[in-house]
1. Sort Ile149, Ile117 by heavy-atom solvent-accessible area, probe 1.4 angstrom, most to least.
2. Using only Cα atoms and rounding to the nearest 10 degrees, what angle (0 to 90) does helix 139-151 make with the longest principal axis of the chain?
3. Considering only protein heavy atoms, with the full assembly of protein chains and a 1.4 angstrom probe, order His66, His112 by accessible area, largest first.
4. Return the single residue from Gly160, Gly121, Gly101 with maximal mean-square fluctuation; model: Gaussian network over the chain, springs between Cα atoms under 10 Å.
5. May I ask for the distance between the Cα centers of the range 22-37 and the range 71-97, given as a whole number of Å?
6. Using a 1.4 Å probe, how large is the accessible area of Ser57, given in Å² and rounded to the nearest 10?
7. Can you give the extra length, in nm with one decimal, that the chain gains between Thr40 and Thr105 once fully stretched, where that is 0.36 nm per residue apart less the Cα-Cα distance?
8. Between helix 60-81 and the chain, what is the angle of the helix's C-alpha long axis to the longest principal axis, kept within 0 to 90° and rounded to the nearest 10?
Amino acid sequence: MSRIGRLPVAIPAGVTVEVAENNVVTVKGPKGTLTKELPTEMEIKVEGEEVTVTRPSDLKKMKSLHGLTRTLINNMVIGVTQGYEKVLEVNGVGYRAAKSGNKLTLNLGYSHPVEMIDPEGVETVLEGQNKITVKGIDKEKVGQYAAEIRDKRRPEPYKGKGIKYADEVIRRKVGKTGKK
């Protein structure tokens, strides 16, 4: 059995999980509602205060889908109760972020400011001019939008300028040295 797949997903108080046909799972909680279509081969059952996922056979594909399906349901439950957030840091002289409405404006040393509009279900919060927090209930959307912001100017290895995740460690390189 899959070590992760066989673990039941506990449903906290105030959260409802419904499984429709074709394994369309809807999770409602205090922060919102998430709906996801999961692999139809897996059998998803809601029993009391937990959700269990079982697989039909021990084929390699089924084994890999087993753990994935369970983790996706778990991420949805965590999303509607606590939500997800990723923190990005803007490092560099003159590099800064500004926010107006749902538009994030980044000054990253280009000849023009980079403007990004928050996607639906995801919001960005600024702390100062160089800390961006991406929040939302869908783990996938939060991670994707954070990655898109980071891609506007990735951190470089010499001075560490650019946008990096707060928990990311940049491998630094030694710059060139002059002739003797």
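1. Details: Ile149 0, Ile117 110 Å².
The most accessible residue leads, giving Ile117, Ile149.
2. Result, in degrees: 20.
3. Largest to smallest exposure gives the sequence His112, His66.
4. Gly101
5. One Cα centre to the other: 20 Å.
6. Number for this one is 40 Å².
7. Numbers: separation 65, 0.36 × 65 = 23.40 nm, distance 4.16 nm.
Result: 19.2 nm gained on full extension.
8. In the chain, helix 60-81 runs at an angle near 70 degrees to the longest axis.
The values are calculated or read from the model by the stated rules, or taken from the named source; none is laboratory data. The shown structure was predicted, so the numbers you read here are calculated from the model rather than taken from an experiment. When we count neighbours, we look across all protein chains shown, and the Cβ atoms used for this are built from the backbone with ideal geometry, even at glycine. We work out accessible area using only protein heavy atoms, side chains counted, and drop any ligands, DNA or RNA first. Shrake-Rupley method; radii C 1.70, N 1.55, O 1.52, S 1.80 Å.
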